[in-house]
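J.: One structure coming up, written as C-alpha cells, with questions to follow.
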C-alpha cells in the first residue's frame, strides 16, 4: 500500500502539534547503534504512526524512526533495517568500513538538537516549479520566489513530481520499496547534517515487512 500523503516538513525549535513527531535529537532504540562506529545511529526523524495523515496506523507500530550514519562507510551504500514490534530494530544491510576522521566535518556531533516539525501542503506553484525542474529547468528559469525548490528540502510522502531513481528492493520480500521521506541538509544546528545544502537522504519503506531503506545522494 502506498501513501497518498505528501507534505513539506518544516522544522520547529520545539515539538509541534498534537502528534509526537520528532526531528533529530538523541535515540536509544534497541539495535540502533552503527555497526561500524558503535555510536547511536543518527536520528533524522521519528514519525508518530497515530497521525492519520501519514497512513501508517496499519503497521501496528507506535512510531517510525528514520536513522542514518555519516561518520563511516555506512553512508556510502544502501542501508536497510527492519522495525520490530517491541520498538527495536534489526539491521539487515549496510556497508562496512572504518570511521572517517573529520567527515562530514570536524567535531561531528553524536546527535543534533531535538525539535519538531510542521507538515505543510505544497502550493500549486511549488508543484509546477518542481515539475519544470524535472523536465530540465535550471535555476534562472524559475521565478526568484520559487527557486528554493532547487535545494533539497525535508518532505514526507511518495507522490513527488520529481523522478526518483534507484528505489531499493526490500531485503526480506524482494519487493520494491516506496519513498517514505526525504531530508535535505538543514537542521537546528547551523552546520547542518553534512555542511552541503545539495545533499539529501531518502528513506524508502516496505510496508509489508516494516523495512526502512536509506540512500544518500547529491542533487
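Readers should treat all values here as calculations from the given coordinates under stated rules, not as data from a laboratory. What you see is a predicted model, and the numbers here were worked out from it, not measured in a lab. Methodologically, a virtual Cβ is constructed for each residue, glycine included, from the backbone with ideal geometry; neighbour enumeration extends over all protein chains shown.
J.: Assuming R0 = 41 Å, what is the FRET efficiency of residue 198 and residue 58, from their Cβ-Cβ distance, to the nearest 0.05?
T.: Computed FRET efficiency for residue 198 and residue 58 comes out at 0.70.
J.: Consider the candidate values (i) -0.44, -0.82, -0.91; (ii) -0.40, -0.84, -0.96; (iii) -0.34, -0.74, -0.87; state which one is log10 I(q)/I(0) by the Debye sum over Cα atoms at q = 0.09, 0.13, 0.14 Å⁻¹ computed from the structure displayed.
T.: This structure yields the entry labelled (iii).
J.: For residue 12, project a label point 7 Å along Cα to C-beta. Then give me every residue of the range 108-144 with its amide nitrogen under 20 Å of that point.
T.: What the label zone holds, given the 20 Å backbone N cut-off, is 112-123.
J.: With the crude spin-label approximation of a point 7 Å out along Cα→Cβ, what separation in nm comes out for residue 105 versus residue 218?
T.: Taking the two extended label points, one gets 1.5 nm.
J.: If I take R0 = 35 Å and measure r between the Cβ atoms of residue 125 and residue 95 in this structure, what FRET efficiency does the formula 1/(1 + (r/R0)^6) give, to the nearest 0.05?
T.: With R0 = 35 Å, the Cβ-Cβ based efficiency is 0.35.
J.: Note down the relative contact order for the range 6-218 as a percent, whole number, built from C-alpha pairs under 8 angstrom at least six residues apart.
T.: 24
J.: With a 10 Å cut-off between alpha carbons and a GNM built on the chain, which of 62, 143, 152 moves the most?
T.: 143
J.: Arrange the following residues from fewest to most other Cβ atoms within 10 Å of their Cβ: 102, 141.
T.: 102, 141
J.: From the C-alpha coordinates alone, can you work out the Kirkwood hydrodynamic radius of the range 130-212, in Å?
T.: 14.4
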